[in-house]
Amino acid sequence: MTRVYVLGAGGPRPTATRFGSSFVLETGGDQIMIDCGPATTHKLVKAGLWPTNVDFLFFTHHHFDHDIDYPCFLLCRWDQSIGKENQLQVYGPKLTEQITHRILDVDEGAFAHDWIARVSHPLSQSVHVNRGGVLPRKPPDVFAKDVGPGKVYSGKNWEVTAAPAEHVEPYLDSLAYRFDTPDGSIVFTGDTQPCDSVKALAKDADVMLCMCWDDQERMGKSEESLGQCGTTEAAKMAQEAGVKKLVLVHQGPHLSEHGHMEKGIGDVKKLYDGELLFSHELMSFEM
Ligand SMILES: [Zn+2]
């Protein structure tokens, strides 16, 4: 069984129902997180998942609405572990290694004081032992790697390929990911404007989660269509790639309002023949 959990279905502006971007792909017994935006760790638990069961994390890019909960996730996953879990593997564009180092490194990590105190103080040692751990408590151990386009990783029965996305270069690199699983293929576009590289990555995919910020015409008028997709551009990318199911994610506050939402869905359906899902936080669906 392959299941997709939508944890964060928004962008950088917080609203009561959406904030930031994060997803979990569950396939073949592996739980794979894609992006780690605001409050991801809490939303993960709300969705019925658990940090120590997530062994892989892929970043599309390093805007805060996609990575700000990373320190929280790293420390929580480590804190809840009893030393028998798999090592977390983290992949993403340039800065992924540096950010990881700057969070956890014993000398230079902004949050090293937390794990050093928990490793050293008798209170934290007792909590760890009562949870099933043994002393001495091991420091966090994370494998982080900067990656680019091409084959990124092969799991037991899944593999992931990256392609360049077009968002805010040259300030940040962005990647889209395609996961091929026994139950089908799924693409996470991350934040991108329509582009050939993401379209080629998504060719004939079973599912594509595509960012969809707002009504396309409104984005054009407000000069917000550079570097991102709105309704009709998401629809065109999915249609041209031959994607079977399009899941709209990363909706802004305007598109999330009733009225605008229904107009947006109508605009997408005019250009896209496949199955359409307008996602909400904490929903999940089977492939
Ligand atoms: Zn974003």
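Per-residue Karplus couplings for the range 214-230, computed as 6.51 cos²θ - 1.76 cosθ + 1.60 with θ equal to phi - 60°, are listed in order as 6, 4, 4, 5, 4, 5, x, 5, 8, 6, 10, 8, 6, x, 8, 9, x Hz, Gly and Pro entered as x. Over the range 59-173, the Kirkwood radius and the radius of gyration, each from Cα atoms, give a ratio Rg/Rh of 1.04. Placing a pseudo-label 7 Å from each Cα along the Cα-to-Cβ vector at residue 126 and residue 113 gives an inter-label distance of 2.4 nm. Springs join every pair of Cα atoms under 10 Å in this Gaussian network model of the chain, and among 63, 254, 121 the largest mean-square fluctuation is at 121.
Largest GNM mean-square fluctuation across 192, 60, 52, computed for the chain with C-alpha springs under 10 Å, falls on 52. Note that the range 109-241 carries a Kirkwood radius of 17.9 Å, evaluated over its alpha carbons pair by pair.
Across the range 90-97, coupling constants 3J(HN,Hα) worked out from phi with the 6.51/-1.76/1.60 Karplus curve, θ = phi - 60°, read 10, 10, x, x, 2, 4, 4, 5 Hz, and Gly and Pro carry x. Amide H to amide H distances under 5 Å link residue 176 with 163, 165, where only residues 5 or more positions off or on other chains count and H is placed in the peptide plane. Among the listed pairs 43/236; 46/156; 43/84, those with a Cα-Cα distance over 29 Å are 43/236. Extension gain for the segment residue 261 to residue 171, taken as residue separation times 0.36 nm less the Cα-Cα distance, is 29.3 nm to one decimal.
Rounded to the nearest 20 debye, the dipole magnitude of the chain is 700 debye, with +1 charges on Lys and Arg beta carbons, -1 on Asp and Glu beta carbons, and the Cα centre as origin. Cross-link partners of residue 270 among aspartates and glutamates, defined as those whose alpha carbon lies under 18 angstrom from its own and excluding same-chain residues fewer than eight positions apart: 214, 215, 217, 233, 240, 262.
Dipole orientation for the chain: of the candidates 153, 193, 1, 1 has the Cα lying most toward the positive pole (charges on Cβ; Lys, Arg +1; Asp, Glu -1).
Using +1 on the beta carbon of Lys and Arg, -1 on that of Asp and Glu, and nothing else charged, what's the dipole of the range 216-283 about the Cα centre, debye to 20?
On the way: 8 positive and 11 negative charges, 34 e Å.
With only Lys, Arg, Asp and Glu charged at Cβ, the dipole is about 160 debye.
Once the Cβ-Cβ distance between residue 217 and residue 151 is put in as r, and R0 is 45 Å, what FRET efficiency do you end up with, to the nearest 0.05?
Taking R0 as 45 Å, the efficiency between residue 217 and residue 151 is 0.70.
Between residue 105 and residue 271, the simple spin-label model (points 7 angstrom out along Cα→Cβ) gives 4.4 nm.
Across the range 43-120, Cα-Cα pairs more than 18 Å apart make up 44 percent of the total. With contacts taken as Cα pairs under 8 Å at a separation of at least 6 residues, the chain carries a relative contact order of 17 percent.
Think of the chain as having a plus end and a minus end, set by charges on the Cβ of Lys, Arg, Asp and Glu; of 66, 78, 93, 78 sits farthest toward the positive end of this dipole.
Rounded to the nearest 500, the 222 nm mean residue ellipticity of the chain from helices alone is -8000 deg cm²/dmol, with -39,500 (n - 2.57) taken per DSSP H run of at least 4 residues. As a calculated quantity, the FRET efficiency between residue 98 and residue 286 at R0 = 45 Å, using C-beta atoms, amounts to about 0.75. Using only the Cα atoms of the chain, each taken as one equal point scatterer with no solvent, compute I(q) by the Debye sum, divide by I(0), and report log10 of the ratio at q = 0.10 Å⁻¹. Reported log10 I(q)/I(0), two decimals: -0.51. Mind putting a number on the dipole of the range 171-222 about its Cα centre? Charges go on the C-beta only, +1 for Lys and Arg and -1 for Asp and Glu, and I need it in Debye to the nearest 20. So the dipole magnitude of the range 171-222 works out to roughly 140 debye.
In this rough spin-label picture, where each label sits 7 Å from Cα along the Cβ direction, the residue 3-residue 200 distance is 3.6 nm.
Throughout, read-outs are computed from the coordinates displayed, never taken from laboratory work. If you're wondering where the values come from, they're calculated on a predicted model, not measured in any experiment. Neighbour counts are summed over all protein chains in view; Cβ atoms, including those assigned to glycine, are modelled from backbone coordinates with ideal geometry.
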